[in-house]
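The values are calculated or read from the model by the stated rules, or taken from the named source; none is laboratory data. The shown structure was predicted, so the numbers you read here are calculated from the model rather than taken from an experiment. Using ideal geometry, Cβ is built from the backbone for each residue, glycine included, and neighbour counts are taken over all protein chains shown. To get the accessible areas, we keep the full protein, side chains included, count just its heavy atoms, and leave off ligands, DNA and RNA. Shrake-Rupley method; radii C 1.70, N 1.55, O 1.52, S 1.80 Å.
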Amino acid sequence: MADLSTEKMVPFLDLSLQHDALKDEIENAIQSVFKDSSFVLGPALKKFEEEFAQYCKVEHCVALNSGTAALHLALLAMGVGPGDEVITAANSFIATAEAISFCGAEPRFVDALLDTANINTDMIEQAITHKTKVIIPVHLYGQPAEMDKVLKIAAAHKLMVLEDACQAHGAVFHGMRVGSFGHAAAYSFYPGKNLGAAGDGGAVVTNDAELAAKITLLRNHGSEQKYHHDIIGHNFRLDSVQAAILSAKLPYLDLWNKKRREIARFYNEKLTGLYGVSPVRAIVDCEPVHHLYVIRTADRDLVLQQMKEMRIASGIHYPIPIHLQPAYQYLDLKEGAFPVSEELSKSVVSLPIYPDMPKADQERVVAAILKASELMKSRS
Ligand SMILES: *Cc1c(COP(=O)(O)O)cnc(C)c1O
């Protein structure tokens, strides 16, 4: 038997292989920005915006310095402010709710579906009030939310839709890229995302020229012309260096997503039907991009312990649903308010997945989950 104590750790994510392979392209991209010293709002930014809009099959892209800024400015541009409510998923990263709060509006959470972990679209309608302005479906883990249902509800109630596509670059729903369904979509280029910068980054994509113009103003101190400020804005611009790096990486995104899908297929094949383990599954007629590969387990402590013993990194997305975070206690939402999200927070485990993940590492992950499943079964 292998000596586990000296065996190399299986990392949750390893970006170094990807960066080594693109070393020249990335260095040239950085050099080109230095050459003309246009570090802020330069041609590299415009170039990336055009490329990413084209990739998402939408008219406009406004690049920003984070995914959180993208959600925030999209909501501001949609006119969200104090007294308004915005509907989103309780089972998401907190940034989705923070963006709502920073507009002075209130988040209204909707519970998840147990088998997809995504927003339960059948529960959106009951969260709508006369104050509701926007619905933010989250394409969680890189799996599209049920956009047909979201759009239908939004149209019936005259609400706007902002897709949180921060985990879903390139995902496809009913034959179309996510990010092209709503009035706008927010992306994050945080390093670990499917398309990641060398630091923070984000973007809003939209087919609405007015929204794009408003967000462009808001990201740069409300200014079109230097020292003339039409509205009170922010400094939420994406650095040109980051834009140039993203342009160098974008041509590989589809290939990287394909590799993620192959790993997810391998995991699905090996882990479906195991005792005490259920892979979170995507809805039908869509192509997820597996930002994360998540399983639900009957005994999470045991699974985490087994992975640790076999030197495999793991994650939990997310251990506390947003409504139970200390930051949102003022909403007075107690345990039991969103039972499915709460159940997920206690049972999910994210397994290592990234495009260049070695097959041997994938096999070690499977072996650990098989072993954990056997242990769960023997103890039941
Ligand atoms: C990463 C992420 C964000 C925020 O993006 P940042 O670039 O880190 O600000 C928002 N929503 C979801 C679902 C995310 O995963």
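Given the conditions (1) open to solvent by 30 Å² or more (accessible area, probe 1.4 Å); (2) within 15 Å of the ligand (Cβ to nearest atom); (3) over 24 Å from Val172 (Cα atoms), report the number of the one that Gly79 does not fulfil.
Unmet for Gly79, out of (1) open to solvent by 30 Å² or more (accessible area, probe 1.4 Å); (2) within 15 Å of the ligand (Cβ to nearest atom); (3) over 24 Å from Val172 (Cα atoms): (2).
Name the one entry in Ala117, Ala70, Ala53 that is aliphatic (A, V, I, L, M), within 16 Å of the ligand (Cβ to nearest atom) and not in a loop (DSSP other than H, G, I, E, B).
Ala70
Which residue, of Gly202, Gly170, is touching a Gly at 6+ places or on another chain (Cβ under 6 Å) and either of a type in the set (Phe, Trp, Tyr) or within 16 Å of the ligand (Cβ to nearest atom) (or both)?
Only one candidate qualifies: Gly202.
Identify all residues within segment 128-166 that are at positive phi and touching a His at 6+ places or on another chain (Cβ under 8 Å); write none if there are none.
Once the filter is applied, which keeps residues that are at positive phi and touching a His at 6+ places or on another chain (Cβ under 8 Å), segment 128-166 yields Tyr141, Gly142.
Is there any pair linking a residue in segment 56-74 that is over 13 Å from Gly201 (Cα atoms) to one that is within 9 Å of the ligand (Cβ to nearest atom) and in a loop (DSSP other than H, G, I, E, B), with Cβ under 9 Å and at least six apart or on different chains, and which?
So the pair list comes out as Cys56/Ala165; His72/Ser66.
Determine whether segment 149-165 contains at least one residue that is within 16 Å of the ligand (Cβ to nearest atom), surrounded by fewer than 24 Cβ atoms within 10 Å (Cβ to Cβ) and closer than 16 Å to Ala99 by Cβ.
Looking for residues that are within 16 Å of the ligand (Cβ to nearest atom), surrounded by fewer than 24 Cβ atoms within 10 Å (Cβ to Cβ) and closer than 16 Å to Ala99 by Cβ, one finds at least one in segment 149-165, hence yes.
Need pairs with beta-carbon distance below 9 Å; first residue more than 20 Å from Pro137 (Cα to Cα) and within segment 181-203, second among the acidic types (Asp, Glu) and within 10 Å of the ligand (Cβ to nearest atom); sequence gap 6+ or separate chains.
That search, which allows pairs on different chains as well, returns Pro191/Asp200.
From the set of residues in segment 84-102 that are open to solvent by 10 Å² or more (accessible area, probe 1.4 Å) and assigned to a loop (DSSP other than H, G, I, E, B), which is farthest from the ligand (Cβ to nearest atom)?
Going through the qualifying residues, I end up with Asp84.
Could you please find all residues in segment 175-192 being surrounded by 21 or more Cβ atoms within 10 Å (Cβ to Cβ), part of a loop (DSSP other than H, G, I, E, B) and within 9 Å of the ligand (Cβ to nearest atom)?
Residue satisfying the conditions is Phe189 alone.
Could you please let me know if Phe173 is without any contact (Cβ under 8 Å) to a residue 40 or more places away in the chain and over 14 Å from the mean Cα position of the chain (by Cα)?
no
Please go through segment 234-279 and give me each residue that is buried (at least 17 other Cβ atoms within 10 Å of the Cβ), of a type outside the set (D, E, K, R) and over 25 Å from the mean Cα position of the chain (by Cα), ordered by number.
Within segment 234-279, Leu274, Gly276 qualify.
Within 16 Å of the ligand (Cβ to nearest atom), touching a residue at least 12 places away in the same chain (Cβ under 8 Å) and of a type in the set (S, T, N, Q): which single residue out of Ser341, Ser373 fits that description?
Exactly one of Ser341, Ser373 is within 16 Å of the ligand (Cβ to nearest atom), touching a residue at least 12 places away in the same chain (Cβ under 8 Å) and of a type in the set (S, T, N, Q), namely Ser341.
Which one of the conditions (1) more than 22 Å from Ala197 (Cβ to Cβ); (2) outside any helix (DSSP H, G or I) does Arg265 fail to meet, given that it meets all the rest?
For Arg265, the failing item is (2).
Pick out the one residue from Leu195, Leu246, Leu253, Leu217 that is part of a loop (DSSP other than H, G, I, E, B) and either in contact with a helix residue (DSSP H, G or I) (Cβ under 8 Å, 6 or more places away or on another chain) or closer than 29 Å to Ser32 by Cα (or both).
Going through Leu195, Leu246, Leu253, Leu217 in turn, just one is part of a loop (DSSP other than H, G, I, E, B) and either in contact with a helix residue (DSSP H, G or I) (Cβ under 8 Å, 6 or more places away or on another chain) or closer than 29 Å to Ser32 by Cα (or both): Leu195.
How about segment 119-142: which of its residues are open to solvent by 10 Å² or more (accessible area, probe 1.4 Å), touching a residue at least 12 places away in the same chain (Cβ under 8 Å) and among the polar types (S, T, N, Q)?
Asn120, Thr129, Thr132
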